[in-house]
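The values are calculated or read from the model by the stated rules, or taken from the named source; none is laboratory data. Since we're looking at a predicted model, the values are computed, not measured. Counting neighbours? That spans all protein chains shown, and the Cβs are built from the backbone with ideal geometry, glycine included. SASA here: full protein model, heavy atoms, side chains in, ligands and nucleic acids out. Shrake-Rupley method; radii C 1.70, N 1.55, O 1.52, S 1.80 Å.
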Amino acid sequence: MKRMKKFAALSLAAAMTLSVAGCGGVADNTVFSVDDLAGKTIGVQLGTTGDIYASDYADEQNAADSTEGKSTAKTVVERYNKGADAVQALKQGKADCVIIDEQPAQAFVEKNDDLKILDEAFADEEYAMCIAKDNTELTDAFNGAIEELKKDGTLDSIIKNYIGDDTKGKTPYESPADVDRSNGTLVMATNAQFEPYEFYKGEDIVGIDVDFAQAICDKLGYELKVEDMEFDSIISAVQSGKADFGAAGMTVTEDRLKNIDFTDTYATARQVMIVRSK
């Protein structure tokens, strides 16, 4: 009888292991909308808008649960230096979802058939370039160039070169041959982990932000130098003068406006939720 009980216990343990492991030891997806995020672990890239929004959500959710006396699990935000690291944590079951910009999310999902993006957006946002508060002359010049590049279709052409199957790669931006660059060099701080806005192609940093910054510099008579760094370091680099401006799919937020100025917006985007597809 004892042997039968032991065998039954071992069989039950094996069955439980298989049900949890399912697909390589990772539990099935349990996040299907924003409403399912309470009590879950959310992966984000450190310092990004996804980090800000997810942290606000977690703080509000946990505070509400505490006020109502609920003993449910806390909502946790896990921060990673790279979006790719957050996605890997999701694949390994260390996170229940990843909140990140829509276009980078699409790039991650294209390369990982075990992931998907939920139809429901987590938040809507607008992108702009950041410039030091005491450099209003450069901000005004950028705004003038942005307006011109919107009107003449250059911005749309740059975006279409990176987004959309029908146009991807067919309309690369090229600087005019007669550009006067006598005004010197502008240093752009970025984080080249946000395809299609900025990413590595071989040893070169390319993307929507890089091409658009080049088009702005062409208009204003500057050389462009791109410096790759951690996303969380971009604003401090611009504040300290190590960089002249920052462009990295950066959303205008009230907290950031306390420390930095922003140009006019040049793109709209969404924060989306990546989850496991099973």
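Screening GLU230, GLU198 for residues that are crowded, with 18+ Cβ neighbours inside 10 Å, of a type in the set (Asp, Glu), touching a residue at least 24 places away in the same chain (Cβ under 8 Å) and within 26 Å of GLU102 (Cα to Cα) leaves exactly one candidate, GLU198. The set of residues in region 151-162 being closer than 17 Å to PRO176 by Cα and either surrounded by fewer than 20 Cβ atoms within 10 Å (Cβ to Cβ) or not aliphatic (A, V, I, L, M) (or both) consists of ASP152, GLY153, THR154, SER157.
How many residues does region 241-278 hold that are part of a loop (DSSP other than H, G, I, E, B) and among the aliphatic types (A, V, I, L, M)? Spell out how you get there, then give the answer.
Quick first cut of region 241-278, residues part of a loop (DSSP other than H, G, I, E, B) only: 241-244, 247-250, 252-253, 258-260, 263-266, 277-278.
After this cut, where a residue has to be among the aliphatic types (A, V, I, L, M) as well, the list is 243, 247-248, 250, 252, 260.
Number satisfying all stated conditions: 6.
If a residue must be in contact (Cβ under 8 Å) with a residue 40 or more places away in the chain and part of a helix (DSSP H, G or I), how many such residues does region 212-227 contain?
Number of matching residues: 8.
Scanning region 50-57 for any residue that is open to solvent by 50 Å² or more (accessible area, probe 1.4 Å) and under 25 Å from ALA248 (Cβ atoms) turns up at least one such residue.
Going through (1) in a loop (DSSP other than H, G, I, E, B); (2) modelled with pLDDT of 75 or more; (3) farther than 24 Å from GLU120 by Cβ; (4) open to solvent by 30 Å² or more (accessible area, probe 1.4 Å) one by one, PHE32 falls short only on (3). Which members of region 169-195 meet the condition of being open to solvent by less than 10 Å² (accessible area, probe 1.4 Å), part of a loop (DSSP other than H, G, I, E, B) and not hydrophobic (A, V, I, L, M, F, W, C)? Across region 169-195, the qualifying residue is only ASN191.
Scanning region 64-84 for residues that are charged (D, E, K, R), closer than 16 Å to PHE194 by Cβ and open to solvent by less than 60 Å² (accessible area, probe 1.4 Å) turns up nothing.
Taken over region 62-106, the criterion of being modelled with pLDDT under 95, small (Gly, Ala, Ser), part of a loop (DSSP other than H, G, I, E, B) and under 18 Å from the mean Cα position of the chain (by Cα) is satisfied by no residue. Do we find that ASN143 is among the polar types (S, T, N, Q), surrounded by 13 or more Cβ atoms within 10 Å (Cβ to Cβ), at pLDDT 90 or above and within 21 Å of the chain's Cα centre (by Cα) in this structure? No; evaluated as a whole, the condition is false for this residue.
Counting only residues that are within 30 Å of ALA248 (Cβ to Cβ) and not in a loop (DSSP other than H, G, I, E, B), which one in region 35-49 is modelled with the lowest pLDDT? Only one residue fits best here, namely THR49. Scanning region 155-176 for residues that are more than 14 Å from VAL210 (Cβ to Cβ) and either in contact with an Asp or Glu (Cβ under 7 Å, 6 or more places away or on another chain) or modelled with pLDDT of 85 or more (or both) yields ASP156, SER157, LYS160, PRO176.
Do we find that ASP209 is touching a residue at least 12 places away in the same chain (Cβ under 8 Å), under 19 Å from ASP101 (Cα atoms) and either acidic (Asp, Glu) or exposed (fewer than 15 other Cβ atoms within 10 Å of the Cβ) (or both) in this structure? Outline the logic, then answer.
Working: touching a residue at least 12 places away in the same chain (Cβ under 8 Å): yes; under 19 Å from ASP101 (Cα atoms): yes; either acidic (Asp, Glu) or exposed (fewer than 15 other Cβ atoms within 10 Å of the Cβ) (or both): yes.
Spelling it out, ASP209 is indeed touching a residue at least 12 places away in the same chain (Cβ under 8 Å), under 19 Å from ASP101 (Cα atoms) and either acidic (Asp, Glu) or exposed (fewer than 15 other Cβ atoms within 10 Å of the Cβ) (or both).
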